[in-house]
Amino acid sequence: MKSLSNAASAIKPSATLAINALSQELKSQGVDVVSFGAGETDFFTPDPIKEAGIAAIQGNKSYYTSSSGVAPLKAAICGYLDRTFGVKYENKNICVTSGAKHVLYIAMRVMLNPGDEVILPAPYWVTYEEAIRMCGAKPVILKTDETTRFKVSPEQLAAAVTDRTKAVILTNPSNPTGMLYSEEELRALAKVIVENDLYLIDDEIYATLVYEGKFVSAAAIDPELYKRTVVVNGVSKTYAMTGWRIGFAAGPAEIIKLMDTYLSHSTGNACNIAQYAAIEAYSGDQTCVEEMRKKFAERREYFVSRVNAIDKVSCLPPDGAFYIFMNVSKTFGSTICGEEIRDSSDFAQALLKHGLVATVPGAAFGSNEHIRWSYATSLENIKKGLDRLEKFLNNEPLA
Ligand code: PMP
Ligand code: GLU
């Protein structure tokens, strides 16, 4: 048989989804695993949104739509972005796809030529690196750590720019670290981006899940940056709608038009029914968003105080999103529950095997000193998971 695509064969599978699949498999075998793997909220989609989905089925929203989404959803997204973040767009600036993951891929597809460079601050969400490579471009990874609260500085960004640099990716607040760039920090980065004629891909999927500081959209702070920014967002996290698969890009009309063309030959359109549910999400009562945010805030507080009371591990309090990026490097070189711990993968694997707790090794996010916990799970599970972490670190295996 002839060989398959070299480009496709080189893609690494998503580590977050792999951990999710593994913990689901263990659970189905009756193993009592507590999972902190994939970042997926445990809340149900709010009732009015579900009802809008049901009404869409009853109303026969069963046909193809325009490949970049239905006009009323684009209008609802424009209204939402203006009311929530003070950024103005028209329908021609919006492209709806099957989840924000797909938005990122399509945005890069239409922006990048093979050999282009994309600056990617680390720790980063797993998909960016592979999506850049899937477009034949090169990720230029900028390491950050706790000393700068995992934030990239304008000097670091400027030093990484070459003749081949096309775009910069920012995630605000960040997955996996939860850190939030302030308006001042964004302005300093914007200056470098504009001066070097780069595009900004600004992933704002956690924008409404902020506990410390104020979220500011990069597109809102500077008209020059607005012209070169593609904002990425979607309903998955804010409205507990991961499986509905609706994400969107907001950005320059020329980019959106190319994305539309690309979609017309790939997915066609995002699910018509889900698009109508998303209209309710973006234009309906937003109380549900605040209710979920408050629950996450409680879990975050509990998580941070417990982790920082445990010897050998630590974390910075995340400003937003729903992840704890826990530094485990003090355990490197030791043996825990009979396993030698040399890096984040050893730690996560040993914790799963002997503590029955699923987390994602930081290596998947470009940092080998950490493991990521998603606290989009009940307080009860968080307590159970952290009790198990303590036992594990005390060499008391559960399994
Ligand atoms: N961006 C970030 C930073 C994420 O964590 C996720 C998680 N799924 C996504 C984008 C994609 O979200 P979705 O495809 O569910 O809209
Ligand atoms: N974004 C979430 C995560 O980081 C969901 C899983 C995924 O799509 O990667 O865990």
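The values are calculated or read from the model by the stated rules, or taken from the named source; none is laboratory data. None of these values were measured; they are calculated from a predicted model. Backbone-built Cβ (ideal geometry, glycine too); neighbour counts: all protein chains shown.
A few remarks follow.
- Taking segment 362-393 as the range and being within 16 Å of ligand 1 (Cβ to nearest atom) and in a helix (DSSP H, G or I) as the test, the residues that pass are GLY362, ALA364, PHE365.
- Residue pairs whose Cβ atoms lie under 7 Å apart, sitting 6 or more positions apart in sequence or on different chains, and linking a residue in segment 246-274 that is acidic (Asp, Glu) to a partner that is surrounded by fewer than 24 Cβ atoms within 10 Å (Cβ to Cβ), are ASP260/SER67.
- Output for segment 138-178, where each listed residue is part of a loop (DSSP other than H, G, I, E, B) and buried (at least 24 other Cβ atoms within 10 Å of the Cβ): ASN172, PRO173, SER174, ASN175, PRO176, THR177, GLY178
- Candidates GLY243, GLY320, filtered to the one that is free of Cβ contacts under 8 Å to residues at least 60 places away in the same chain and within 16 Å of ligand 1 (Cβ to nearest atom): GLY243
- Looking across segment 25-41 at every residue that is more than 15 Å from ligand 1 (Cβ to nearest atom) and either surrounded by 15 or more Cβ atoms within 10 Å (Cβ to Cβ) or of a type in the set (Asp, Glu) (or both), the one that is farthest from VAL360 (Cα to Cα) is identified as ASP32.
- Search result, residues across segment 256-273 that are closer than 9 Å to SER67 by Cβ and among the β-branched types (Val, Ile, Thr): THR261, THR267
- Test for LEU81: is it at pLDDT 95 or above, within 16 Å of ligand 2 (Cβ to nearest atom) and under 25 Å from VAL210 (Cα atoms): no
- In summary, TYR226 fulfils each of the numbered conditions (1) buried (at least 18 other Cβ atoms within 10 Å of the Cβ); (2) more than 19 Å from ALA167 (Cβ to Cβ); (3) hydroxyl-bearing (Ser, Thr, Tyr); (4) away from ligand 1 (no atom under 15 Å from the Cβ) with the single exception of condition (2).
- Yes/no for LEU352 being modelled with pLDDT of 95 or more, aliphatic (A, V, I, L, M) and either surrounded by 20 or more Cβ atoms within 10 Å (Cβ to Cβ) or more than 14 Å from ligand 2 (Cβ to nearest atom) (or both): no
- Cross-chain or 6+ apart pairs with Cβ under 7 Å, segment 162-190 first and more than 17 Å from PRO139 (Cβ to Cβ), then basic (Lys, Arg): MET179/ARG149; MET179/LYS151; TYR181/LYS151; GLU185/LYS151
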